[in-house]
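Accompanying notes for the structure given below.
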Amino acid sequence: MDKVVTCMAPVNIATIKYWGKRDEHLILPLNDSVSLTLDCDQMHSQTSVVAGPFVKKDTVMLNGHVMPIETNERLQRCFSLIRKLIKEKKGENCPEAQWNIRVCSENNFPTAAGLASSAAGYACLVYTLANAFDLVTEDLPAIARQGSGSACRSIYGGFVHWKAGKDDLGSDSTAVQIATEAHWPEMRIIILVVNDSHKKTSSTVGMKKSVETSELLQYRVNKCVPERTKDIIEAIINKNFVKFAEITMRDSNQFHAICLDTYPPCVYLNGVSHEIITFIHDYNDAAGHVKVSYTFDAGPNAFLFILEKDLDLFMSELIQVFPSDKSKSKYIRGIKSTNPDQVAPY
Ligand code: ADP
Ligand code: DP6
Ligand code: CO
């Protein structure tokens, strides 16, 4: 390979949260999750790959800094799964399987701040590697999952369901598309960046502590998520916004309740996050029904869902309550979409 291959992958926002693993190494989740993938022209990772006999050693750069591979099991696993595929497709002794690989990635939004950088980042890494070696495969979600669980959902655009599966080796733990972005084009996401600094407890460490110490977690996994997942998929298929929005808010709240039930607690939301939650409920109460919903990942930043027809009025009120100098908010309008398949390398 004498050319650099560059691809982009967008973030995805979970409406049913993945929180807790049954296998730390294979990254197998305890529960199903459901998400929406954003457009690539908004929050995305952009990754370039070059490989060949002239590359001296495997290297990965993220946002201009070296990511040491020797101490990063996830990067190692993604590289070795890609090399396994190369051998399967091109023969055990093909020269490509011996080549070293140089990777350079940039996120156009804050990394490790609860804005799903690991999802876009690992989806982009495995997609770019697959493109660089001309690997046509259905295994990309499973490989991306072993970089970061949420990354398996960013391989697809639109509305995505990550089925937890039951198999110990993870053969049935995979992402499937519920519907493309064209199914519900009126759906909009607003992202309020409350704080863009690195979170104190990464998602990986936070969910491990929750599995070890939260008594509520098993209740959520067994009693709440299965029905919610079924109901939200139905709401997406029927374009029932009120139902979709209600389930989204309940699941975000329950996820953060588990974070607080973790010992010592993982506190991801801050005062501004709680003000946003109160504002949304007040707004919906005044409107007489649910017009807008919120969800928060492992960080204080809010993702709001609203239909296009309600956007302008809502934005005019939101800006009065959260002027940008107070909340450091950033408003990004846009429909989720873009399977990385549609993104031409450039
Ligand atoms: P976030 O809420 O942003 O997903 P996480 O704690 O889940 O935060 O993961 C952040 C980590 O994901 C980073 O420290 C880095 O190891 C990895 N990551 C983020 N972006 C990329 C990228 N573009 N390429 C490779 N790895 C990435
Ligand atoms: C709160 O996928 O970042 O964003 O698999 O350990 O890399 P690892 O964790 P990660 O966890 C995401 C947690 C979440 C919810 C979600 O995206 O489903
Ligand atoms: Co993450």
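For the range 1-20, the set of residues classified as within 14 Å of ligand 1 (Cβ to nearest atom) and touching a Gly at 6+ places or on another chain (Cβ under 7 Å) consists of 18 only. State yes or no: is residue 129 more than 14 Å from ligand 2 (Cβ to nearest atom) and buried (at least 21 other Cβ atoms within 10 Å of the Cβ)? Yes: the conditions hold for residue 129.
Counting only residues that are farther than 19 Å from residue 159 by Cα and touching a helix residue (DSSP H, G or I) at 6+ places or on another chain (Cβ under 8 Å), which one in the range 284-300 is farthest from ligand 3 (Cβ to nearest atom)?
Looking only at the range 284-300, we keep the residues that are farther than 19 Å from residue 159 by Cα, and these are 284-291, 298-300.
After this cut, where a residue has to be touching a helix residue (DSSP H, G or I) at 6+ places or on another chain (Cβ under 8 Å) as well, the list is 289-291, 298, 300.
Working: 289: 33, 290: 27, 291: 29, 298: 7, 300: 15 Å.
Only one residue tops the list, namely 289.
Take the residues of the range 22-61 that are surrounded by fewer than 20 Cβ atoms within 10 Å (Cβ to Cβ) and within 27 Å of residue 173 (Cβ to Cβ): which is nearest to ligand 3 (Cβ to nearest atom)? Ranking the qualifying residues of the range 22-61, first place goes to 24. Restricting the range 72-98 to residues that are within 16 Å of ligand 2 (Cβ to nearest atom) and among the polar types (S, T, N, Q) leaves a set whose member that is farthest from residue 132 (Cα to Cα) is 72. Scanning the range 179-208 for residues that are surrounded by fewer than 18 Cβ atoms within 10 Å (Cβ to Cβ) and either closer than 17 Å to residue 20 by Cβ or of a type in the set (Val, Ile, Thr) (or both) returns 180, 202, 204, 205, 208. Among the residues of the range 204-225, none qualifies, meaning not one is more than 16 Å from ligand 3 (Cβ to nearest atom), charged (D, E, K, R), assigned to a loop (DSSP other than H, G, I, E, B) and at pLDDT below 95. When the residues of the range 154-174 are filtered to those that are within 17 Å of residue 30 (Cβ to Cβ) and in contact with a Pro (Cβ under 8 Å, 6 or more places away or on another chain), the one that is farthest from ligand 1 (Cβ to nearest atom) is 174.
May I ask you to say which residue of 125, 169, 115 is within 16 Å of ligand 3 (Cβ to nearest atom) and more than 30 Å from residue 55 (Cα to Cα)? Spell out the reasoning first.
Numbers: 125 fails: more than 30 Å from residue 55 (Cα to Cα); 169 fails: within 16 Å of ligand 3 (Cβ to nearest atom).
The match here is 115.
Which of the residues belonging to the range 226-249 are without any contact (Cβ under 8 Å) to a residue 24 or more places away in the chain, part of a helix (DSSP H, G or I) and either of a type in the set (Ser, Thr, Tyr) or over 26 Å from residue 21 (Cα atoms) (or both)?
Initially, the range 226-249 is screened for residues without any contact (Cβ under 8 Å) to a residue 24 or more places away in the chain, giving 227, 230-231, 234-235, 238, 240, 243.
Now restrict to residues that are part of a helix (DSSP H, G or I): 227, 230-231, 234-235, 238, 243.
Within the range 226-249, 235, 238, 243 qualify.
Okay, residues lined up against (1) surrounded by 24 or more Cβ atoms within 10 Å (Cβ to Cβ); (2) within 16 Å of ligand 1 (Cβ to nearest atom); (3) hydroxyl-bearing (Ser, Thr, Tyr); (4) on the phi > 0 side of the Ramachandran plot:
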{"residue": "93", "(1), (2), (3), (4)": "no, no, no, no"}
{"residue": "104", "(1), (2), (3), (4)": "no, yes, no, no"}
{"residue": "116", "(1), (2), (3), (4)": "yes, yes, no, yes"}
{"residue": "136", "(1), (2), (3), (4)": "no, no, no, no"}
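Having 3 or more residues that are of a type in the set (S, T, N, Q) is the bar; report the strands (runs of 3 or more DSSP E) wholly within the range 1-45 that clear it.
Working: elements: 5-10, 12-16, 21-23, 33-37.
Where strands (runs of 3 or more DSSP E) fall fully within the range 1-45 and carry at least 3 residues being of a type in the set (S, T, N, Q), they are 33-37.
Within the range 269-304, restricting attention to residues that are within 22 Å of the chain's Cα centre (by Cα), in contact (Cβ under 8 Å) with a residue 40 or more places away in the chain and in a helix (DSSP H, G or I), which residue is farthest from ligand 2 (Cβ to nearest atom)? The qualifying residue farthest from ligand 2 (Cβ to nearest atom) is 276.
Can you tell me how many residues within the range 94-117 are part of a helix (DSSP H, G or I) and under 18 Å from residue 82 (Cβ atoms)? Spell out how you get there, then give the answer.
Of the residues in the range 94-117, the ones part of a helix (DSSP H, G or I) are 95-98, 117.
Now restrict to residues that are under 18 Å from residue 82 (Cβ atoms): 95-98.
So the count comes out to 4.
The set of residues from the range 230-266 being buried (at least 16 other Cβ atoms within 10 Å of the Cβ) and among the β-branched types (Val, Ile, Thr) comprises 232, 233, 236, 247, 248, 258, 262. Criterion applied to 141, 185 was being part of a loop (DSSP other than H, G, I, E, B), in contact (Cβ under 8 Å) with a residue 12 or more places away in the chain and either within 16 Å of ligand 3 (Cβ to nearest atom) or not acidic (Asp, Glu) (or both), and the one residue passing it is 185.
The values are calculated or read from the model by the stated rules, or taken from the named source; none is laboratory data. Everything quoted here is computed from the prediction, not taken from an experiment. Cβ: placed from backbone, ideal geometry, glycine included. Neighbour counts: every protein chain shown.
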